1. If I ask for residues that are in a loop (DSSP other than H, G, I, E, B) and not small (G, A, S), which ones from region 245-270 would you list?
2. Do any residues in region 133-151 that are within 14 Å of Q118 (Cα to Cα) have Cβ atoms under 8 Å from those of residues that are at pLDDT below 95 and surrounded by 23 or more Cβ atoms within 10 Å (Cβ to Cβ), where the two are at least six apart or on different chains, and which pairs are they?
3. Assigned to a helix (DSSP H, G or I), of a type in the set (V, I, T) and within 30 Å of S72 (Cα to Cα): which single residue out of I211, I143 fits that description?
4. Considering region 102-115 alone, what residues qualify as being charged (D, E, K, R) and either modelled with pLDDT of 95 or more or buried (at least 18 other Cβ atoms within 10 Å of the Cβ) (or both)?
5. What tally of residues in region 150-180 results from selecting those that are of a type in the set (S, T, Y), in contact with a helix residue (DSSP H, G or I) (Cβ under 7 Å, 6 or more places away or on another chain) and not in a loop (DSSP other than H, G, I, E, B)?
6. Is it the case that region 67-74 has a residue that's surrounded by fewer than 18 Cβ atoms within 10 Å (Cβ to Cβ) and either within 30 Å of G165 (Cα to Cα) or within 21 Å of the chain's Cα centre (by Cα) (or both)?
7. Could you check region 101-132 and list, in sequence order, the residues that are under 17 Å from L76 (Cβ atoms) and either free of Cβ contacts under 8 Å to residues at least 12 places away in the same chain or not assigned by TED's automatic domain parsing to the domain that holds L40 (or both)?
8. State all residues of region 195-204 that are in contact with a Leu (Cβ under 8 Å, 6 or more places away or on another chain) and either touching a residue at least 12 places away in the same chain (Cβ under 8 Å) or not assigned by TED's automatic domain parsing to the domain that holds N172 (or both); if no residue qualifies, say none.
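The values are calculated or read from the model by the stated rules, or taken from the named source; none is laboratory data. Values in this document were obtained by computation on a predicted structure and should not be read as measured data. Counting neighbours? That spans all protein chains shown, and the Cβs are built from the backbone with ideal geometry, glycine included.
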Amino acid sequence: MTKKFFLILLIPLFLLSACSKDYINDSEGQIPLPHSSAILADGTYYATYGYANNEGYRPEMTIVVNEGLISSIKYLEISNNGKDKISDVEYYENFKEKHNIDIQGIYLRLYTNLIKNQNTSNLPSTGDFPDIRSYFKQLADVIILKAKKGITEPSVVAMDEVYYGDTNTDDNGYKGSISITYVNDVIIDVEYSELNLDGDHKEDVDDLNEIYQEHYGISLGEMFDSYARQIVQNGTLQPVDSMSGATRTQEKVNELLEIISNTRIKYEGEEADD
């Protein structure tokens with residue numbers, strides 16, 4: 001076992017970068033490993049998230065353990081349309097142009113580190129894209145734990161995420177804005193507000209608060225909080241009921257719930273094609 005770790009740790013980084021596409025390609029990192037005693041149980045292990053994230057992508061990972069060590073890694077971020085960020089040429093090129101960095105290179109750094117170290121304790125930074133590192137690490141940790149026990153059944157991880165949505169600006173110059181926080185696939189926090197083009201919150205306008213208090217018996221801030229509480233209590237993205245007859249606000253909230261529902265798509269149990 002010691003012999004194998006030394007062999008892996010002494011592989012220069014430039015050798016990994018120069019490997020042919022038989023070993024490291026667009027979406028997969030892989031190096032050949034020498035014979036040694038088993039550390040992990042040999043097999044193919046898969047993990048993914050139960051829902052897409054706020055960007056509309058669901059990360060997934062496949063790891064192959066050979067002779068007790070991680071020998072191959074495949075990490076993808078799959079859109080709700082079934083395309084991953086590398087094979088989707090339009091996304092891939094736009095990302096490269098916008099950020100002046102190759103997302104494939106970000107993946108490769110993570111592959112190289114994990115194969116070299118056989119754990120996630122020292123994964124490199126992914127710069128302005130910390131979520132990539134976070135997803136990669138969590139999925140790898142789940143798989144490594146399963147591989148220690150030889151459990152090859154697919155793992156589905158809760159998507160802890162904050163989802164954001166905005167409506168179009170209405171005739172009065174305000175748009176609805178919402179954030180919904182999930183932890184362990186449970187809604188734990190909701191914030192709703194309406195903002196003008198300057199970013200001013202509607203509930204902070206005293207004259208409007210007086211009008212709503214007079215007509216609906218509740219201030220704007222209290223109304224917005226009531227809708228937020230209703231979503232938390234419901235625990236779903238289903239439409240909410242009208243509060244105090246304020247149907248325009250209800251319509252905005254329900255529009256936003258639909259937007260997030262169309263982003264937070266549930267994983268249905270099929271791995272992406274190679």
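1. Once the filter is applied, which keeps residues that are in a loop (DSSP other than H, G, I, E, B) and not small (G, A, S), region 245-270 yields R264, I265, Y267, E268, E270.
2. Within 8 Å, no pair qualifies.
3. Numbers: I211 fails: within 30 Å of S72 (Cα to Cα).
Every option except I143 fails the conditions.
4. Across region 102-115, the qualifying residue is only R109.
5. Just the residues of region 150-180 that are of a type in the set (S, T, Y), to begin with: 152, 155, 163-164, 167, 169, 174, 177, 179.
Those still in the list that are in contact with a helix residue (DSSP H, G or I) (Cβ under 7 Å, 6 or more places away or on another chain) too: 155, 163, 167, 174.
Add one more test, that the residue is not in a loop (DSSP other than H, G, I, E, B), and what stays is 155, 163.
The total comes to 2.
6. Looking for residues that are surrounded by fewer than 18 Cβ atoms within 10 Å (Cβ to Cβ) and either within 30 Å of G165 (Cα to Cα) or within 21 Å of the chain's Cα centre (by Cα) (or both), one finds none in region 67-74, hence no.
7. If the condition is that a residue be under 17 Å from L76 (Cβ atoms) and either free of Cβ contacts under 8 Å to residues at least 12 places away in the same chain or not assigned by TED's automatic domain parsing to the domain that holds L40 (or both), then D102, G105 are the ones that fit.
8. Of everything in region 195-204, those that are in contact with a Leu (Cβ under 8 Å, 6 or more places away or on another chain) and either touching a residue at least 12 places away in the same chain (Cβ under 8 Å) or not assigned by TED's automatic domain parsing to the domain that holds N172 (or both) turn out to be K202, E203.
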